[in-house]
Amino acid sequence: MNALKLRQVVAQFKHQKLAIAALVVLLVFTLASIFAFLSPYDPNKLVVTERLQSPSATHWFGTDDHGRDYLSRALYGGRVSLSVGFLSMIIAVGIGTTVGTISGYFGGWVDNVLMRMVDVLMSIPSFFLMLILNAYLKPGITTIIVIIGMLSWMNIARIVRAETLSVKEREYVLYARVSGQSTFNIIVKHIVPSMMPTIIVAATISIASSIMMESSLSFLGLGIQPPNSSWGSMLNSAQGYIGDAPYMALFPGFLILLTVLSFNFLGDVLRTAFEPKANRK
Amino acid sequence: MHKYILRRILQAIPLLIVISIVSFALIKLAPGDPVSSFVTPDMSPEDVERIRQNMGLDQPIYVQYWHWLVNMLSGDWGYSLVNHRPVLTLIMERLPATIGLMGSALFLSLLISVPLSMYAAARKNKAADKVLSLISYIGISIPSFWFGIMLIYLFAVKLQWLPSMGMRTIGVNSFLDVVKHGILPCTVLVFMNVSVYMRYIRSQTISQLEEDYVQIQYAYGSTTGTVLVRHVLKNTLLPVITIFGMSFPELIAGAFITESVFSWPGMGALGITSVFALDYPVIMGITMISSVMLVIGNLLADILYGIVDPRIKTMK
Amino acid sequence: MKKKLLSLTALLTLVTVIVTACGGSAPASNSPTATTTGQAQAGGQLIVAVQEDPRVLNPVYAGDRVTLTINQSLFSHLYTYNNGEKKFVLAESLTPSADNLTYTLKLRKGLTWHDGKPITADDVVFTMESVLDEKQHSSDRANFIFNGTPLQVKKVDELTVEFKLPQASAAFEGVLAGFIPIPKHVFEGEADLEKSKKNEKPIGSGPFKFKEYRAGEYVTLERFDNYFAGKPKLDTVTYRIAKDPNAANMALQNGELQMRKIDAVDHNKLNSTNRFNMVTYPEGRLNYLAFNLNVDVLKKKEVRQAIAYALDRKELITATYLSEEFAKPAASIFTPDTMYHTSEVETYEHNVDRAKELLTQAGVSNLKLRLAYVNTNKAHETQALYVQQKLGEIGITVELMALDSGAFGNMSLDMNNTAYDLSFGGYIMGHEPDGYKSLYLSDAAYNYSHYKNPEFDALWNQAAVEMDPAKRGELYKQIQQTVANEMTIYPIAYDNAIIAVDKKFGGLQEAGPKPVVMFEDLSKVFIQQ
């Protein structure tokens, strides 16, 4: 990414107050989950006598159905949710970019094989794939990350492939090829960097959708292993208490909503900033 | 045109076969044994083996696949491992509920999102546009099961306006009753759909509004409304067609989470049950139907592109 | 009691359970209002919540909770056990011969199937032969095989059937209580009873007959006027499929469901709406923690006992079931409704010092254990969290393994399983103690603790053939004490079933709360005026 692009991004942010708000939200959530250990409560300590207490001065978010401090759980849960989002994004972007560039750059049968593979994977309902893959792996946070990552790279691969097709015809790439640089070098030094904006946008959106997928998996009972929790699993176990302890569903619900919304929003602002012409004010 | 369609269909066949092999292998190789749910403590190993044989699970996986493929092509989709009813019957029982729900959700979503997006595009960056775009951000960021349960709590338990589950009131058999049951699940689906669609259609409309032909219309003194309806509307059809093509398999496969939350008797609920029971004949049935629908959806979309915009066909 | 429920999974799962019903009703303790006060009103409908679609509505194959529940209204047993007492239904008597090898069963006169055809000895013989036919692969077959030889069944006259056993069996009467005849005239000649199209419109003998099934929605049954015990009071009973438990509880409050088996944790919230009668009764179910003796460290008895002392059963029950009203502390592996149940066993009252002492004695420190359970089981999850915290107090680190039921089932059935160290489970084995054998014999498939002891096996086998009740009782007492002393499984609680029923329904006591299937006979339920 060159200086010009960076300046466009900064300019775009200045226009969009909400984009700054989104950044602040994400920064706060990230810091809060990193410094979760400062909380005076053990997030996993059961206190049978303190079940379902409403938010108060001692328990800011109240307590859950096992008497655990809900704020501490939300902080640690944020750690899990954000890491799931971030790490599955890394996997998805990694596979997606690799497959996409190889497919686009080499073309021919390589392209054909890879893209048909993408077609196949996109044709099987993704929920089936998730549930079935889940049976193969030991339950836990790593499994969730791997499953979500493995199921969300296909779109990125398609976008990257399309972009590669146009980038590889540009003069500097042609020049690099004529001057005898290795294919690997051309891809890593010339093609991927010029696609950085596209990749960054896709990555941002991918974090958002990974966090959403994690919460859907929790709904089906496939997610983080207790005693740990994610916002998704907290939300799911809160469903049973909607009448008598609505705060239990509201806190994690809004945390997910705000986080996902911020990532989506950020993705769009970046897209607008990177785009050469359209949609700019 | 006919040749084109034929070629596309022929191209789809290997794709469908690969899909079936991949899904079959994934399900069959998964740890977990569909027989285990039929085993009781006092059964001898021989009894268990007999059940396994009866289900055809004792043969090597490629033989099982071959049997499945041959039978499938001759119209025999096999029997569910769970309730021993024919897979095709099971699917046919569920299809109307899913098509009804997903179809009306798709229709309503388009009906709502097209005018809303055009309105938002025309008032780009004004207050109305910002509010609409915020709502659509919320729509794509809200966990659907949470939204669903909240709606049930509010409208079915607190206000008692609407039923909370299923497709019919027991003992009542009227179309109106089905519609009433569909309102809440439909709301969830429409809200999520509209939020996604709006983003595509709005940006398509904005780029159309910047085109020269629109500027010329303005120069002739047309109002924004006339321009939108007479000229831009036609051109926003492209993203609508894409969406339509993409949604085709969902029309059949259903919405897993929404159907579960509302106990909607559709394909999504059937899908979840069968995956948990490793009921492979049913899973394969649903996967194949949904893949075929995807192929058809893409094909339809491509044909429609050609009709709407003749320039595109030459590219194929 | 052919039927046993090995609850690997909770009720609230999408996954099916291996269930079998033992023929026994239980005394119901319930809220004071549950007694019938109002006047019976004729007609009306009842909507019962079930978790998933029924499987094949044919008693020869029914094994899961939903199918058994629906079959309970659709079909009648020959006889059932009510609190250990025999209650005749289709049959009017069952007489053993002096040598206990031949049993003569007499059917009531004038019984008819739902299609009006008479119920005769032919039906009983046909059903028993189908169950025994290997080609029909009924899961109940093993119940009628004794030491490798199947029993023989013979029609004596229109209403009399004779069962000939290859050897005397104390368990036979209990097993036959779970047997349900199917109509011969309907199924005769069907190659595969399980896949038969006739199952789509079942012809039964119970208080309600089949009306309509809509996949994913409901099964509706309607009154059978010729029911032998009197015309049912309700017009229809609908079993409605409600997948999501939270949504189902809301539908209950909304009146869209009128009867549902609920979790203890949901009791207070639903009860406070004042809309329901809560019928609470012991389900004859034991909830336990099993030690896996395949794992070296758990081969040491002291370690197992230390863990037992570290846990506080009462607190564990409060954490999981809120109060002892919903689950009684358990010490014996036999549930209280089982014959020869005894409470004279070691209970391991909470004692942290003793626990630590035992661990030191065993020379074990820094122990790390893996605790497995089925991820959809809410109660087990709570228990797991609690066990983790409690064992932490004596320096044992517990790693929780929430598994999906398929994976858990596979691991637990592996005789050499070392994938986890501790696990939760539950079972309903019925009132005949011999049935428990399949969970405790050294080489039994369901011997989850993998405890192997030939002397212990010998006790079981002796008790199975001992016809003198006093001696039999003594043997079973020894068995219960051995398990407690050896601490191969830690019994947690006999948990109750809680059924929430809309207040407008009466006759619940008469309907007879029953394990697994909720009520014995819904024909007695009525709408109060």
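Take the conditions (1) of a type in the set (D, E, K, R); (2) in contact (Cβ under 8 Å) with a residue 24 or more places away in the chain; (3) out of contact with any strand residue (DSSP E or B) (no Cβ under 7 Å at 6 or more places or on another chain); (4) surrounded by fewer than 17 Cβ atoms within 10 Å (Cβ to Cβ); C:Glu85 misses just one of them, which is (2).
For segment C:127-156, the set of residues classified as surrounded by 16 or more Cβ atoms within 10 Å (Cβ to Cβ), aliphatic (A, V, I, L, M) and within 9 Å of chain B (Cβ to nearest Cβ) consists of C:Ala142 only.
Restricting the search to helices (runs of 4 or more DSSP H) fully inside segment B:85-175 and requiring at least 2 residues that are within 14 Å of chain A (Cβ to nearest Cβ) and without any contact (Cβ under 8 Å) to a residue 24 or more places away in the chain gives B:127-141, B:144-151. Checking each residue in segment C:509-529 for being more than 30 Å from C:Tyr440 (Cβ to Cβ) and either free of Cβ contacts under 8 Å to residues at least 40 places away in the same chain or touching a helix residue (DSSP H, G or I) at 6+ places or on another chain (Cβ under 6 Å) (or both) picks out C:Glu510, C:Ala511, C:Phe519, C:Asp521, C:Leu522, C:Lys524, C:Val525. Hey, does segment C:181-195 have a residue that's out of contact with any Asp or Glu (no Cβ under 9 Å at 6 or more places or on another chain), surrounded by 18 or more Cβ atoms within 10 Å (Cβ to Cβ) and away from chain B (no Cβ under 14 Å)? Yes, segment C:181-195 contains a residue that is out of contact with any Asp or Glu (no Cβ under 9 Å at 6 or more places or on another chain), surrounded by 18 or more Cβ atoms within 10 Å (Cβ to Cβ) and away from chain B (no Cβ under 14 Å).
Of the helices (runs of 4 or more DSSP H) that lie entirely inside segment B:218-316, those containing 3 or more residues that are away from every other protein chain (no Cβ under 14 Å) and surrounded by fewer than 24 Cβ atoms within 10 Å (Cβ to Cβ) span B:224-227, B:237-253, B:280-308, B:310-313. Of the residues making up segment B:153-180, those that are closer than 16 Å to B:Met102 by Cα and surrounded by fewer than 23 Cβ atoms within 10 Å (Cβ to Cβ) are B:Val178, B:Val179, B:Lys180. Of all the numbered requirements in (1) out of contact with any Leu (no Cβ under 6 Å at 6 or more places or on another chain); (2) surrounded by fewer than 24 Cβ atoms within 10 Å (Cβ to Cβ), C:Val517 misses one, and that requirement is (1).
For A:Ile224, the criteria (1) within 11 Å of chain B (Cβ to nearest Cβ); (2) in contact (Cβ under 8 Å) with a residue 60 or more places away in the chain; (3) part of a loop (DSSP other than H, G, I, E, B) hold in every case but one, which is (1). The strands (runs of 3 or more DSSP E) falling completely within segment C:64-133 that include 3 or more residues that are out of contact with any helix residue (DSSP H, G or I) (no Cβ under 8 Å at 6 or more places or on another chain) map to C:85-88, C:91-96, C:102-107. Considering segment C:241-345, the qualifying helices (runs of 4 or more DSSP H), each wholly inside and each with 3 or more residues that are at pLDDT 90 or above and in the same structural domain as C:Leu358 (by the TED database), run over C:301-310, C:313-321.
Among the conditions (1) β-branched (Val, Ile, Thr); (2) closer than 20 Å to C:Lys299 by Cβ; (3) away from every other protein chain (no Cβ under 11 Å); (4) in contact with a helix residue (DSSP H, G or I) (Cβ under 6 Å, 6 or more places away or on another chain), the only one that C:Val345 does not satisfy is (2). Considering segment B:182-208, the residues that are touching a residue at least 60 places away in the same chain (Cβ under 8 Å) and under 17 Å from B:Gly100 (Cα atoms) include one that is surrounded by the most Cβ atoms within 10 Å (Cβ to Cβ), namely B:Pro185. Residues satisfying the criterion are absent from segment B:122-137 (criterion: under 26 Å from C:Gln258 (Cβ atoms), modelled with pLDDT of 85 or more and of a type outside the set (Ser, Thr, Tyr)). Is at least one residue of segment A:208-218 over 17 Å from the mean Cα position of the chain (by Cα) and in contact (Cβ under 8 Å) with a residue 40 or more places away in the chain? Within segment A:208-218, not a single residue is over 17 Å from the mean Cα position of the chain (by Cα) and in contact (Cβ under 8 Å) with a residue 40 or more places away in the chain.
For segment C:399-455, a residue qualifies if it is of a type in the set (A, V, I, L, M) and assigned to a strand (DSSP E or B), and the qualifying residues are C:Leu400, C:Met401, C:Ala402, C:Leu403, C:Leu422, C:Ile428. When you check C:Ala419 against the structure, is it more than 14 Å from chain B (Cβ to nearest Cβ) and either buried (at least 23 other Cβ atoms within 10 Å of the Cβ) or in contact (Cβ under 8 Å) with a residue 12 or more places away in the chain (or both), yes or no? No; evaluated as a whole, the condition is false for this residue.
Do we find a residue being on the phi > 0 side of the Ramachandran plot and assigned by TED's automatic domain parsing to the domain that holds B:Ser113 anywhere in segment B:227-246? Scanning segment B:227-246 turns up no residue that is on the phi > 0 side of the Ramachandran plot and assigned by TED's automatic domain parsing to the domain that holds B:Ser113.
Only one of C:Tyr239, C:Tyr309, C:Tyr321 is in contact with a Pro (Cβ under 9 Å, 6 or more places away or on another chain), aromatic (Phe, Trp, Tyr) and either more than 14 Å from chain A (Cβ to nearest Cβ) or within 17 Å of C:Ile499 (Cβ to Cβ) (or both). Can you tell me which? Residue meeting the stated conditions: C:Tyr239. Screening C:Thr80 on (1) farther than 30 Å from B:Ile272 by Cβ; (2) surrounded by 21 or more Cβ atoms within 10 Å (Cβ to Cβ); (3) modelled with pLDDT under 80 shows it passes everything except condition (3).
Report whether or not C:Asp457 is within 14 Å of another protein chain (Cβ to nearest Cβ), of a type outside the set (Ser, Thr, Tyr) and either surrounded by fewer than 22 Cβ atoms within 10 Å (Cβ to Cβ) or without any contact (Cβ under 8 Å) to a residue 12 or more places away in the chain (or both). Spelling it out, it is not the case that C:Asp457 is within 14 Å of another protein chain (Cβ to nearest Cβ), of a type outside the set (Ser, Thr, Tyr) and either surrounded by fewer than 22 Cβ atoms within 10 Å (Cβ to Cβ) or without any contact (Cβ under 8 Å) to a residue 12 or more places away in the chain (or both).
The values are calculated or read from the model by the stated rules, or taken from the named source; none is laboratory data. These figures come from a predicted structure and were not determined experimentally. Positions of Cβ are backbone-derived with ideal geometry, glycine not excepted, and every protein chain shown enters the neighbour counts.
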